[in-house]
Amino acid sequence: MKLRLLSILATIMLAGCAGTQPSHIALYPQAPNVEVQTQSAQRIAIQTIDTRKANFVVRMHKGDDAAKLISPSETPRKQIDSLFRSGFAKAGYVVDPAASEHIQIQLEKLLADVNEGTFGYEANTEVVINVIASNSRNRTLTKRYTAKNNHSGPFSPDFAKMELAINQLIADLSRDILQDPELNEFIQP
């Protein structure tokens, strides 16, 4: 009798844990390994802005219920700014706010759209970053970079897997930007 009672109690507790979703998601994108892009210690100014219309990074859809929105635990703009500053430094540039070569990083989209069904979920994640570079020759280069990821699984969404996917997309996209030959050629004299 006690064993049956313990089994029922354990099942109820596990069901309760499976149904809880976090109110925040942790983003911790790591600076990618990049090859040196300049040998002359080129000085660049970097500005990062968040142009998204909303602060959430995960939107959970379940049937006809209102979508549940999950925000990041830390401001993505600050994290992406830090990521690019260290990435450009690894690429051989000197980050200097007074430099004549200027790069503006615009976070346009950072969203995981999750559709939760009866037997599982599907998550579609997209990151979009616009880069606007201006150089001492009074020219401007604008490029849009996009990365996407789709994953699905049984039962409820796996938030650890979702965090990993978002962080990996940001890291991959930043590597593509930092190693973009056209951008690097444009900002070098």
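Residues are listed down the side, and each one gets a yes or a no for (1) basic (K, R); (2) within 12 Å of the chain's Cα centre (by Cα); (3) at positive phi; (4) modelled with pLDDT of 95 or more:
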| position | (1), (2), (3), (4) |
| --- | --- |
| T118 | no, no, no, no |
| T140 | no, no, no, yes |
| T146 | no, yes, no, yes |
| S156 | no, no, no, no |
| K161 | yes, no, no, no |
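You will find that of G153, G87, G120, the residue that is touching a Pro at 6+ places or on another chain (Cβ under 8 Å) and without any contact (Cβ under 8 Å) to a residue 40 or more places away in the chain is G120 and no other. Checked against (1) over 16 Å from D180 (Cα atoms); (2) in contact with a helix residue (DSSP H, G or I) (Cβ under 9 Å, 6 or more places away or on another chain), A160 meets all criteria but (2).
Of the set (1) in a loop (DSSP other than H, G, I, E, B); (2) surrounded by 12 or more Cβ atoms within 10 Å (Cβ to Cβ); (3) at pLDDT 90 or above, all apply to A45 but (1).
The values are calculated or read from the model by the stated rules, or taken from the named source; none is laboratory data. Quick caveat: nothing in here was measured; it's all calculated off a predicted structure. As a convention, Cβ positions derive from the backbone with ideal geometry for all residues, glycine included, and neighbour counts pool all protein chains shown.
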